[in-house]
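Structure first, then comments.
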There are 2 protein chains.
Amino acid sequence: MKTKNTPSSPKALVARVAGSGNAVDSIARPLVTVDVAIFSIRDDVLSVLLVQRGQGPDEPFPLRWALPGGFVDVKKDATIEDCARRKLADKTGVTTPYMEQLGSWGSAGRDPRAWSVTNVYFALIASDEFCQIDERPPQQWFPVGEAIPRPLAFDHDQLLDAALRRLRDKVEYTVLPASLLPREFTLPELQHTFEIVLNRQLDKSAFRTRMLSAKVIEETGNFRIGPRRPALLYRLAEDATRKLPATFRRAD
Amino acid sequence: MKTKNTPSSPKALVARVAGSGNAVDSIARPLVTVDVAIFSIRDDVLSVLLVQRGQGPDEPFPLRWALPGGFVDVKKDATIEDCARRKLADKTGVTTPYMEQLGSWGSAGRDPRAWSVTNVYFALIASDEFCQIDERPPQQWFPVGEAIPRPLAFDHDQLLDAALRRLRDKVEYTVLPASLLPREFTLPELQHTFEIVLNRQLDKSAFRTRMLSAKVIEETGNFRIGPRRPALLYRLAEDATRKLPATFRRAD
DNA sequence: TGAATAGTGTCTTTCAGACAGTATTGG
DNA sequence: CCAATACTGTCTGAAAGACACTATTCA
C-alpha cells in the first residue's frame with residue numbers, strides 16, 4: 001500500500017511534512033470531485049443543466065460543456081453528498097430536490113491534470129422551480145438528445161448517459177417523475193410527465209389504478225382550478241420510494 | 001474551489017512543492033480507497049468474505065472485521081474498477097466473477113486518519129470456486145445475518161447492508177444468482193440458489209417458465225448425471241443482464 | 001347545451017402461481 | 001416396479017390494457 005519511496009527521497013519527505021506524519025501521508029492521493037446531473041422538464045422536454053468551462057491557461061477542456069461539479073472541499077463538506085447539495089444549491093438555488101447517488105468514476109486518464117475520481121449524483125427539480133434559475137452564461141438547460149453539445153468535457157458524455165439510463169430505468173417501477181413536478185400535482189399532470197420521460201403514451205385508466213393502488217401518492221383535498229373540470233391535487237406519500245406493484249407491461 | 005490558504009502559508013507551500021505546481025496541487029485531497037463486498041454460497045448459506053484488521057500503532061479499528069479493500073494505487077491501477085479487481089484477485093484468486101459498482105461513501109469522519117472516500121464494489125463468486133480460496137486468518141467467510149461480527153470497521157456495517165439490499169433487490173428482476181453457481185448449472189440448482197438468496201420457496205413451474213421465456217439462460221446440450229434422472233445443463237446467455245419479464249408476484 | 005378535460009366501469013388478455021400429472025433415471 | 005428427481009400441462013386468479021362510459025366545469 002505504501003509507495004516504494006524511501007523516507008529520504010524528496011517526494012516522500014515532502015509528503016510527510018505536509019500532513020501529520022502518519023503512513024497515509026506517503027500515499028499519492030487522486031483528485032476527488034463531485035458532479036451532478038440535474039434534470040428538469042422545460043417546455044415539455046426533459047432537459048439537463050450544463051455549464052461551459054472557462055479557458056484559463058491550466059483549464060482542461062476549455063469552452064467545453066460539462067455537468068456542474070467541482071472538487072470536494074474537505075473544510076466545507078462533511079460528506080460527498082453535502083458537497084453535491086452544495087454544488088446543486090450554487091447552480092440552482094434549490095435545496096430540497098430529489099437526489100440520489102449514481103456512482104463513482106475514477107481513472108488515470110479522465111482528468112488530464114491527475115488521477116481523479118468523481119462521485120456523480122442525479123437530481124430532479126420541479127419544473128416550477130427552474131424558472132427561477134439563472135440561465136445566463138456559462139450555465140444553460142439543454143434538451144436531452146441531439147441538442148446535447150457533445151463531446152462534453154472529461155468523461156461527462158458517459159456520466160450523462162448513465163444518468164439518463166438510471167432515470168429511464170426507474171420510471172418503470174417508481175414514482176420518480178413526480179419529483180419533476182411541483183409539490184402538488186394532478187394525476188393527468190403526473191401521467192403527462194411519465195409520458196415525456198418514457199417517450200410514449202400511457203392509458204389513463206391503467207395509470208390511475210397503478211399509482212393509487214401503490215399508495216405512492218395521496219390526495220391533498222385541494223383542486224387544480226382551470227378552464228374545465230377541476231382536478232384533484234395529490235402529493236407524494238411518505239413512502240414514495242416504494243416500488244410500484246409492477247412494471248408497465250412491456251410490448252412484444 | 002481553491003483552499004483559502006495563501007501561497008505563503010506553510011501547508012499550501014508544501015503542497016505546491018509536492019506536485020507539479022498546478023492549481024490542483026493546492027487543494028487538500030481526501031484519501032481514496034476501494035472496498036469489495038464478495039458474496040458466495042457456502043454450505044447452502046449466503047456468505048460474505050471479511051478480513052480482520054491488524055493492530056499496529058497507527059492502525060484504525062484494530063482487530064475489527066472489515067470488507068476487503070485498500071487504497072487506490074495511482075501507479076498500479078488504471079481505474080477504480082481495476083483496483084477493485086486487484087483486491088478481489090488478491091483475496092480470492094478469482095479474476096472473472098460478476099462485479100458491479102455499489103456506489104461511493106465519503107465523509108470527514110468515516111476514517112479517523114483523514115477525510116476519505118471509498119468506492120464500493122459488489123462481487124458474486126461461484127460456490128465451486130470459493131473452495132479453492134484460502135480461509136486462513138485474517139480472512140474468513142461469514143454467513144450473512146446474526147453471524148456477522150458487528151460492528152465492522154469504519155462504516156462497513158452500512159456498506160455491507162447496502163450490498164445485501166442491492167443483491168436482494170436484483171434477485172427480483174435479474175438472473176444475478178446464476179453468478180453464484182459454476183458456469184454450467186441445472187434449472188433446479190438455479191432455483192435452489194434463488195431460494196437461498198430470497199429466503200423463500202418458489203414454484204418450480206413458474207420459475208422455469210420465467211427463466212426460459214426471458215432467454216437469460218441457454219441450454220448447453222449437456223446433462224448433469226446424478227443418482228436419478230439427469231438434468232439439462234444451462235449457461236448464462238449473452239445478454240444475461242437483461243431484466244426478467246416481471247418480478248416474482250408479491251404476497252398481499 | 002356543448003366542448004373539454006377529469007375520472008370510472010367493464011371486458012379482455014396476459015401471465016404468475018398452484019398443483020397434479022408425466023418422464024427418466026438407478027437400484 | 002419403486003423411489004426420487006426432472007420436467008410439463010392445465011386451471012385459476014390477479015392485474016394491466018383497451019375503450020367506452022359518466023362527471024364536472026366554463027362559456
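None of the figures in this text is laboratory data; all of them are computed from the coordinates on show. What you are looking at is a predicted structure, and each value in this text was computed from that prediction instead of being measured. Methodologically, a virtual Cβ is constructed for each residue, glycine included, from the backbone with ideal geometry; neighbour enumeration extends over all protein chains shown.
Pairs needed: first member in the range B:215-237, over 25 Å from B:Pro97 (Cβ atoms) and without any contact (Cβ under 8 Å) to a residue 60 or more places away in the chain; second member anywhere, outside any strand (DSSP E or B) and near DNA strand D (Cβ under 7 Å from one of its atoms); C-beta distance under 6 Å; at least 6 residues apart or different chains.
Sorted first by the residue in the range B:215-237, then by its partner, the pairs are B:Phe223/B:Pro230.
Identify all residues within the range B:211-247 that are away from chain A (no Cβ under 14 Å), away from DNA strand D (no atom under 11 Å from the Cβ) and either charged (D, E, K, R) or in contact with a Gly (Cβ under 9 Å, 6 or more places away or on another chain) (or both); write none if there are none.
Across the range B:211-247, the qualifying residues are B:Glu218, B:Arg235, B:Glu238, B:Asp239.
Condition check: more than 14 Å from chain A (Cβ to nearest Cβ), away from DNA strand D (no atom under 15 Å from the Cβ) and out of contact with any Cys (no Cβ under 8 Å at 6 or more places or on another chain). Does B:Arg200 satisfy that?
Yes; evaluated as a whole, the condition is true for this residue.
For the range A:232-244, indicate whether the set of residues that are within 16 Å of DNA strand C (Cβ to nearest atom), on the phi > 0 side of the Ramachandran plot and surrounded by 13 or more Cβ atoms within 10 Å (Cβ to Cβ) is non-empty.
Checked the range A:232-244: no residue is within 16 Å of DNA strand C (Cβ to nearest atom), on the phi > 0 side of the Ramachandran plot and surrounded by 13 or more Cβ atoms within 10 Å (Cβ to Cβ).
Name the residues in the range B:50-76 that are in contact with a Cys (Cβ under 8 Å, 6 or more places away or on another chain) and either under 21 Å from B:Ala163 (Cβ atoms) or assigned to a helix (DSSP H, G or I) (or both), would you?
B:Val72
Taking the stated definitions as given, is A:Lys87 outside any strand (DSSP E or B), more than 8 Å from chain B (Cβ to nearest Cβ), more than 16 Å from A:Ala37 (Cβ to Cβ) and not small (Gly, Ala, Ser)?
Taking the combined requirement at face value, the residue does not satisfy it.
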